[in-house]
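A short write-up of the structure that comes next.
Bear in mind that the values in this text are calculations on the coordinates, not laboratory data. Predicted, not measured: the structure shown is a model, and the values here were computed from it. All Cβ positions, even for glycine, are placed from backbone atoms using ideal geometry, and neighbour counts span all protein chains on display.
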Amino acid sequence: MKLTRKEREKLRKNQEIIEASIKVFSEKGFYEATMHDIANAVEMGVGTLYQYFKSKDDLYYNAILYKLNEFHDFYEEKIRNKTTFLDILSAMITAWIEYFGTNNDFFAIVFSEWINVKKTFARKLKNRLTSEFTEKYDEIIKLMEQGKQTGGLKDGVNTAILSSMIFGAIQHIIHMGAMKKEPVTSSLVAENIISILSSGILNVK
C-alpha cells in the first residue's frame, strides 16, 4: 500500500527522532536524558515531540524495536543467497560485527539501559531481545549441525559449545568496540574466527 505524502513525512520524522534519541540516551543514560534534550537534538519543540511519542519510556522502547527490526533485515540480507557452510558462517559473523560496529550508540543503550525503563516496557523489550538473539543463536547451532552433515565440521564437535564460543566472541568484540569507540573491520573478524576454527590453536605434543 502506497503511503501518502503526509504519512511519508511522519515516518521520516519518526525515524529522525529515534536516531536522535539513541544518541542522547547513549551520551547521558536513560535517567539523565530528558524529552527536552531529545527535542533539542532533533530541533523541534518538546510539545511536538510528545505528539510522536507519549513518554521517554515509549520513545526508548520504540527506538530499540526500530533498530532491532533494522538489524534483522540487515542480517537476513547479508546471509541471503549464501549456500556453503563457510560462506554462511562468514556472512553471519560479518552481519553482527558490521551492524553493531557501525551502531555503537544503539548497542550501548540496548545492553546497559533497557532495564531502567518502566516495567511494562522492560518486559516487552526483554521478550523482544531474547527472541531476536535466541533466534540468531539457534541459527548458528543449526548451521553447525548442517556442517556436520555436509562434512564442513568434524563429527565429534559439540555444536552447542562451539556455537556459544562463536556467539560469545562476536558479542565481546562488539562490546569492546563500543566501549573504546573504535571501528571494527567485520570481514577481517570473520576471517580470523574461521581461520582459528579451521587450523586450531593448540600445539599438542
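The fraction of Cα-Cα pairs per 10 angstrom bin, counted from 0 for segment 1-95, comes to 15, 36, 24, 19, 7, 0 percent, rounded to whole percents. Taken over the alpha carbons of the chain as equal point scatterers, the Debye sum produces base-10 log I(q)/I(0) values at 0.17 Å⁻¹ of -1.16. Over every Cα atom in segment 54-157, the radius of gyration and the widest Cα-Cα span, Dmax, amount to 16.4, 54 Å.
Applying a threshold of 25 Å to the alpha-carbon distances of 54/119; 78/119; 28/126 flags 78/119 as lying beyond it.
Packing, taken as the mean count of other beta carbons within 10 Å per residue, orders the peptides 3-11, 174-182 from highest to lowest as 174-182, 3-11. Residues 87, 57, arranged from fewest to most other Cβ atoms within 10 angstrom of their Cβ, appear as 87, 57.
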